[in-house]
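Accompanying notes for the structure given below.
The values are calculated or read from the model by the stated rules, or taken from the named source; none is laboratory data. Bear in mind the structure is a predicted one, so any value in this text is a computation, not a measurement. Methodologically, a virtual Cβ is constructed for each residue, glycine included, from the backbone with ideal geometry; neighbour enumeration extends over all protein chains shown. For accessibility, only protein heavy atoms count, side chains too; no ligands or nucleic acids. Shrake-Rupley method; radii C 1.70, N 1.55, O 1.52, S 1.80 Å.
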Amino acid sequence: MKMKKAILSCLMLMAGLSVSAQEQKGTTEYVFEPHWYVQPQIGAQYTTGETSFGDLISIPNIQVGVGYQFSKAVGARLAVDFWQGKAGFDKDKVKAWGLGNDLNYKFTYFAPAIDVTFDLSTIIAGFNPNRVVSFGAFIGGGVNFRSASDEAADTKVKVDQMIKNVTTASGWTPMFENKSAVLPFAQAGLTLDFKVSDAIKLGLELNGNILGDKFNFKDAGNPDSYFNLLLGAKIALGKTYSTKFIPAPEPEIKYVEKIVEKIVEVPAQPVVTAAEPLRRDIFFQINKTIIRDSEAQKVQDIVAYMNQNPTSKVMITGYADAGTGNDRINDRLAAGRADAVVKALKDAGIAESRISFDSKGARVQPFEDNDSNRVSICIAE
């Protein structure tokens, strides 16, 4: 008796675990969470000018920012870029004037800016917090506070003195007074980020800035510009996303099984029973709506069933997997997969009046395995 009780208890426990496992079937949806972040960066700056490229590169260049990501694809950032820029004169002209090998100089500045940021990966391919590599863009502007420079002052003295002593045409543009300047600027750039964890991304940023004349102390009659290449980290302050569990619906096949059970339960009598319903699951490749050769036999099974049962009808439901794409893409794929089966049945001679169809996108997932949800489920009865 004790042995029987032990066996019965084990069977009840297994049944309870089976029910619990069934209750856990479903899909996990990622929900974006608005959040703040900080962004320290370091790199190099190239200030456009008339001297050689290498003489106009400043290292290091530093930028510190704080931002707020208020939607999946759009955010805002306040960033302060600072350290130094470089400028100078054409070396050939310097030699011709007898001023030595070069007249290059550097100067300091700081430039706060407000940018609107765009997550291009999310805009193109949908929100996915597990994406390892993502790219973005930004556009904005601010004010550049450029300081006076002792090196620029020394260079200006040399050039001004030479202009007084030389009477031939020089082609040089005199420098402005060596004093600080406040210059509004506009900027735009691109970013490339690599996910390290849910809170940290390492990234590269390339930005271009255009601002008023006088940034390099020269009166050139056109705007000045500079470019920054920065390496840094984006550190999220708080959760960037949460998850929501969506229970799986009862599989369509359970309804079919109930119909069969009812037929079996009918008392044995000399009566004619209806043909059992037929179900075929036609699977598709990722991002495809074309019926593969390996799945074509399933369509022929449905055609044969419909021909053998002239009063039967078929219901076709298209699905897409929730693990890839977004609702717009998945709605299109699910509808296309249902439509592909409908067209195949019509081409095989099945009347349109005997065919019904629907599509669920990725909002309903009939299978626990993500890839199996790229499917059209067909039930004929």
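Please count how many residues of segment 343-381 are in contact with a Phe, Trp or Tyr (Cβ under 8 Å, 6 or more places away or on another chain) and open to solvent by 50 Å² or more (accessible area, probe 1.4 Å).
1
Residues of segment 194-207 being open to solvent by 20 Å² or more (accessible area, probe 1.4 Å) and part of a strand (DSSP E or B), which ones?
We begin by selecting, within segment 194-207, every residue open to solvent by 20 Å² or more (accessible area, probe 1.4 Å); these are 194-202, 204, 206.
Residues satisfying the conditions are 194, 195, 200, 201, 202, 204, 206.
Name, by its number, the condition in (1) open to solvent by 50 Å² or more (accessible area, probe 1.4 Å); (2) of a type in the set (Phe, Trp, Tyr); (3) at pLDDT 95 or above; (4) in contact with an Asp or Glu (Cβ under 9 Å, 6 or more places away or on another chain) that does not hold for residue 118.
(4)
Taking only segment 353-370 into account, find how many residues are over 17 Å from residue 308 (Cα atoms) and assigned to a helix (DSSP H, G or I). Please lay out each step first, then the result.
Initial filter on segment 353-370 (over 17 Å from residue 308 (Cα atoms)): 356-370.
This time we only want the ones that are assigned to a helix (DSSP H, G or I), so: 370.
Adding up the residues that qualify gives 1.
Report yes if residue 65 is surrounded by 17 or more Cβ atoms within 10 Å (Cβ to Cβ) and within 14 Å of the chain's Cα centre (by Cα), otherwise no. Talk me through it step by step, then tell me what you get.
On the way: surrounded by 17 or more Cβ atoms within 10 Å (Cβ to Cβ): yes; within 14 Å of the chain's Cα centre (by Cα): no.
Answer is no for this residue.
Just to be sure I understand, how many residues within segment 316-330 are on the phi > 0 side of the Ramachandran plot and either surrounded by fewer than 18 Cβ atoms within 10 Å (Cβ to Cβ) or at pLDDT 90 or above (or both)?
0
Looking only at segment 338-361, count every residue that is under 27 Å from residue 131 (Cα atoms) and in contact with a Ser or Thr (Cβ under 8 Å, 6 or more places away or on another chain) and tell me the total. Even if it seems obvious, please write down each step before you answer.
Going through segment 338-361, the residues under 27 Å from residue 131 (Cα atoms) turn out to be 360-361.
Now narrow it down to the ones that are in contact with a Ser or Thr (Cβ under 8 Å, 6 or more places away or on another chain): 360.
Residues flagged as under 27 Å from residue 131 (Cα atoms) and in contact with a Ser or Thr (Cβ under 8 Å, 6 or more places away or on another chain) within segment 338-361 amount to 1.
Name the single residue, out of those in segment 208-223 being assigned to a strand (DSSP E or B) and free of Cβ contacts under 8 Å to residues at least 40 places away in the same chain, that is least open to solvent (accessible area, probe 1.4 Å). Quick ask: steps written out before the conclusion?
Applying the first criterion (assigned to a strand (DSSP E or B)) to segment 208-223 yields 208-211, 218.
The next check asks that each one be free of Cβ contacts under 8 Å to residues at least 40 places away in the same chain; those that pass are 208, 210.
Details: 208: 20, 210: 93 Å².
If we take residues in segment 208-223 being assigned to a strand (DSSP E or B) and free of Cβ contacts under 8 Å to residues at least 40 places away in the same chain, then 208 is least open to solvent (accessible area, probe 1.4 Å).
So how many residues does segment 278-308 have that are surrounded by 15 or more Cβ atoms within 10 Å (Cβ to Cβ), in a loop (DSSP other than H, G, I, E, B) and not hydrophobic (A, V, I, L, M, F, W, C)?
1
Could you identify the single residue in 275, 248 that is touching a strand residue (DSSP E or B) at 6+ places or on another chain (Cβ under 7 Å), at pLDDT below 95, open to solvent by less than 80 Å² (accessible area, probe 1.4 Å) and farther than 30 Å from residue 50 by Cα?
Details: 275 fails: touching a strand residue (DSSP E or B) at 6+ places or on another chain (Cβ under 7 Å).
When all the criteria are applied, what remains is 248.
Tell me, yes or no, whether segment 70-93 has at least one residue that is among the aromatic types (Phe, Trp, Tyr), modelled with pLDDT under 95, open to solvent by less than 70 Å² (accessible area, probe 1.4 Å) and out of contact with any strand residue (DSSP E or B) (no Cβ under 9 Å at 6 or more places or on another chain). Lay out the reasoning, then the answer.
Looking only at segment 70-93, we keep the residues that are among the aromatic types (Phe, Trp, Tyr), and these are 70, 82-83, 89.
So of that shortlist, the ones also modelled with pLDDT under 95 come out as 70, 82-83, 89.
Filter once more, keeping what is open to solvent by less than 70 Å² (accessible area, probe 1.4 Å): 82, 89.
In the following step, the residues that additionally are out of contact with any strand residue (DSSP E or B) (no Cβ under 9 Å at 6 or more places or on another chain) were identified as none.
Checked against the condition, which is being among the aromatic types (Phe, Trp, Tyr), modelled with pLDDT under 95, open to solvent by less than 70 Å² (accessible area, probe 1.4 Å) and out of contact with any strand residue (DSSP E or B) (no Cβ under 9 Å at 6 or more places or on another chain), segment 70-93 yields no hits at all.
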